[in-house]
């Protein structure tokens, strides 16, 4: 689709009295040196505003409103839960009120694989959105295809205060050094636990054990054994965990293991590393040897989350979607959040969440940037706090109003501690292919007790590195 006539399309005029080095830089970085003379035919009718140092004023200052009189429409593609969709309605209204010359065309999509399939189809068909939402596990594959635009020129021009945000979350959205996505929400792996079950069984809860520096892998196993009882469909389990590879990273890293030979430069898989093997064998033993966690044959009919919501699961290592937990438990029992146990190498988490990117092909980058910064601003992030959606990416809000939200959970500090311990997931463009074709099939055999971890990891390395060599 020809976007050259879209209001707000990026242009610059090197002969204009208002011509600046900042605008020249923007044309060079975003338009390319070779096309500077043609791309800069006229100066853009809307440029990013002057330097901003206060996060709270990013979207509320009149200087940040679009200065043009002609209305610009930007298409935003996203997915979300019911609570998130309600949140986007509020963000939509607030942004347009703050930026009266910009109209948001909000286009929700189905989550998961269909979302990204449609996104790539939109780009291939010449009708890409101007702004789109991303999850970290899909980020590298799209970044390698140059779908998101670089945000560093905007950050530099506006002196945008990235230091006010969780560093692990910011680094999650860098690819080959360039910032390609603005953090929207954060999450980490935490331990939900049923306070009533712990009290009734007389088991020390995770927060108390951690304060006493006794919350380890061995302690979790011991607690899970005491909290597991019954048989069949009414069995109560002590523990469960998510088996998606990104949610397994905290266990791998806390054992001193690794996914790739160098997770920061993920070119060769190395799950045959002895520490990684030990982490996977420990998790598999919880399922098969000790039977304190529901096996795949059990979770095929009832999800661990449902087991937790109905009081049949004492501990669940999952993401920080606390609003959903509050809604689903709905006062049936007392629950709380605790830290993951310390492994042989300590406690390391992963930085998850979601963010928004500018489409590289969009002709409305300036307006899209205003939307990204509005979501990340204090005004935008307060919408997430009020709905208890994940973790605010703005540190001051996370450590302030979010931390002081009424219980449950009574403990939110373990979540912030986990963010301090967090690392970005490895950014391999082939990660999704590796998971589908090499990792998941072998892990299914491990979780079902058909192979041990050493055998499964060796086969994963063989398959995965074959794929990487061909890419």
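Coordinate-derived values only; no laboratory data. Values in this document were obtained by computation on a predicted structure and should not be read as measured data. With ideal geometry, Cβ positions are generated from the backbone for all residues, glycine too; neighbour counts draw on all protein chains shown.
Per-structure values
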| quantity | calculated |
| --- | --- |
| DSSP beta bridge pairing in the chain, given as percent antiparallel to the nearest 5 | 65 percent |
| Label-point gap, in nm, between residue 297 and residue 467 - each point 7 angstrom along Cα→Cβ | 2.8 nm |
| Computed Rg/Rh of region 381-471, alpha carbon atoms with Kirkwood Rh | 1.20 |
| Exposure proxy order (Cβ contacts within 10 Å, fewest to most) of 390, 120 | 120, 390 |
| Whole-Å distance, taken between Cα centres, linking region 208-251 and region 180-200 | 14 Å |
| Peptides ranked, highest mean first, by Cβ atoms within 10 Å: ranges 368-376, 439-447, 91-99 | 368-376, 439-447, 91-99 |
| Simple label model, 7 Å out from Cα along Cβ direction - residue 229 to residue 437, nm | 5.0 nm |
| Neighbour-count order for 455, 318, fewest beta carbons within 10 angstrom listed first | 455, 318 |
| With Cα atoms, 0 to 90° folded angle of helix 113-124 axis to the chain main axis | 20 degrees |
| In degrees, nearest ten, helix 82-98 long axis to first principal axis of the chain (Cα) | 20 degrees |
| Spin-label pair residue 413/residue 85, simplified geometry with 7 Å Cα→Cβ offset, distance in nm | 3.9 nm |
| Debye intensity ratio in log₁₀ form over the Cα atoms of the chain, taken at each q of 0.06, 0.09, 0.10, 0.13 Å⁻¹ | -0.29, -0.64, -0.78, -1.21 |
| Which of 425, 74 has the fewest Cβ neighbours within 10 Å, and the rest in rising order | 425, 74 |
| Helical mean residue ellipticity (222 nm; -39500 (n - 2.57) per DSSP H run of 4+; nearest 500) of the chain | -11500 deg cm²/dmol |
| Degrees separating the helix 217-226 axis from the principal Cα axis of the chain, which is the longest one | 60 degrees |
| Estimated FRET transfer efficiency (residue 396, residue 236; beta-carbon r; R0 51 Å; 0.05) | 0.80 |
